[in-house]
Amino acid sequence: GIALLDQEPVQVLVLDIFIGEENGIGALPELLARWPNLAVIIQTGRASLDTALTAIKLGAYDYLQKPLKPEQLRSTVNRAFERVQLRLENRNLVDHLNDRLKKLELMNRVTQINASTQNVYELLEKAMQETRHFMGTEACSILLKDPDTNELCFNTAVGGDADAVREVRLQAGQGIAGWVAGHNQGLLVS
C-alpha cells in the first residue's frame, strides 16, 4: 500500500485497524506526515470508543464500523474527497493572497522610495533593488530607448555585472529586451 501511495496521487485512503500484524491506527502519523493532504478513513470490525477517539486524535478523517454499507462508505469517501479538495483550494487561495501581499509590500516600499528622493535615477536604482529582492533574481535592470540612435540603453542596473551592462546598447529587436520593446508587450522566458 505504501508503494502505491508513492506511485499514485491518492487523496482518500480507507484503512483497516488491523493490517496483518500491523495496527492501522499506528500507521496514521507516518501516513499523514508523508502525505499531509491524505484523508484517512479508519474501518474496523471491533469498534470501541477508545480506538475511535485515538484514530480521530491522530488525524483520521472518519471512523467506520464493519460491516460497511456501500452507501455509507460511498458517502464518507465523497465527503473526505470534498474536504481534501477544499483544503487544496484553500492552500492555493492562501498562496495567491501571500503573493498579492508581497506585491503590495513592494509597491509600498517603492512608493516610500519615491517620496524620499527627487532624483529620478536614485529612485529607479532603489526601485530595481527592491524588485530584485522581491523576485529573488540575480540582476535587474531598466532599459530606455535613446531617441537619437533608437537603441536601448541600460539606464539602471543592479546585481550581477551591473557596471559592465550599463555600457551595452541594443539595437531595436535585439535580444529579449529588444523584442519586448519592439512588440510593446511583456515576455516571460524560462
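The values are calculated or read from the model by the stated rules, or taken from the named source; none is laboratory data. Note that the coordinates shown come from a computational prediction; the quantities given were computed from them, not determined experimentally. Positions of Cβ are generated from backbone atoms using ideal geometry, with glycine treated the same way; all protein chains shown enter the neighbour counts. Just the protein is used for accessible areas: all its heavy atoms, side chains included, with ligands, DNA and RNA removed. Shrake-Rupley method; radii C 1.70, N 1.55, O 1.52, S 1.80 Å.
Considering only residues of the range 116-163 that are among the hydrophobic types (A, V, I, L, M, F, W, C) and touching a Lys or Arg at 6+ places or on another chain (Cβ under 8 Å), which is modelled with the lowest pLDDT?
Ranking the qualifying residues of the range 116-163, first place goes to PHE134.
What single numbered condition from (1) open to solvent by less than 50 Å² (accessible area, probe 1.4 Å); (2) more than 23 Å from LEU188 (Cβ to Cβ) fails to hold for VAL110?
(2)
Condition first: open to solvent by less than 80 Å² (accessible area, probe 1.4 Å) and either touching a residue at least 24 places away in the same chain (Cβ under 8 Å) or within 22 Å of LEU28 (Cβ to Cβ) (or both). Now tell me which residues in the range 88-103 satisfy that.
LEU88
How many residues does the range 117-126 contain that are open to solvent by 80 Å² or more (accessible area, probe 1.4 Å) and more than 22 Å from ALA139 (Cα to Cα)?
Residues flagged as open to solvent by 80 Å² or more (accessible area, probe 1.4 Å) and more than 22 Å from ALA139 (Cα to Cα) within the range 117-126 amount to 1.
Any residue that is surrounded by 14 or more Cβ atoms within 10 Å (Cβ to Cβ), within 23 Å of VAL110 (Cα to Cα), free of Cβ contacts under 8 Å to residues at least 24 places away in the same chain and not charged (D, E, K, R) - is there at least one of those in the range 178-186?
Looking through the range 178-186, none of the residues is surrounded by 14 or more Cβ atoms within 10 Å (Cβ to Cβ), within 23 Å of VAL110 (Cα to Cα), free of Cβ contacts under 8 Å to residues at least 24 places away in the same chain and not charged (D, E, K, R).
Restricting attention to the range 149-177, report how many residues are closer than 20 Å to LEU123 by Cβ and in contact with an Asp or Glu (Cβ under 6 Å, 6 or more places away or on another chain).
3
Residues are listed down the side, and each one gets a yes or a no for (1) farther than 16 Å from MET128 by Cβ; (2) touching a Pro at 6+ places or on another chain (Cβ under 7 Å); (3) open to solvent by 50 Å² or more (accessible area, probe 1.4 Å):
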position	(1), (2), (3)
THR149	yes, no, yes
THR156	no, no, no
GLY159	no, no, no
ASP163	no, no, yes
GLU167	yes, no, yes
ALA172	yes, no, yes
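Taking the residues in the range 130-145 that are surrounded by fewer than 17 Cβ atoms within 10 Å (Cβ to Cβ) and touching a residue at least 24 places away in the same chain (Cβ under 8 Å) as candidates, determine which candidate is nearest to GLY182 (Cα to Cα).
This residue is LYS145.
If you check VAL14, VAL10, which single one turns out to be in contact with a Ser or Thr (Cβ under 9 Å, 6 or more places away or on another chain) and at pLDDT 85 or above?
Checking each option against the conditions leaves just VAL14.
Report the residue count in the range 40-82 for those that are of a type in the set (Asp, Glu) and in contact with a Leu (Cβ under 9 Å, 6 or more places away or on another chain).
0
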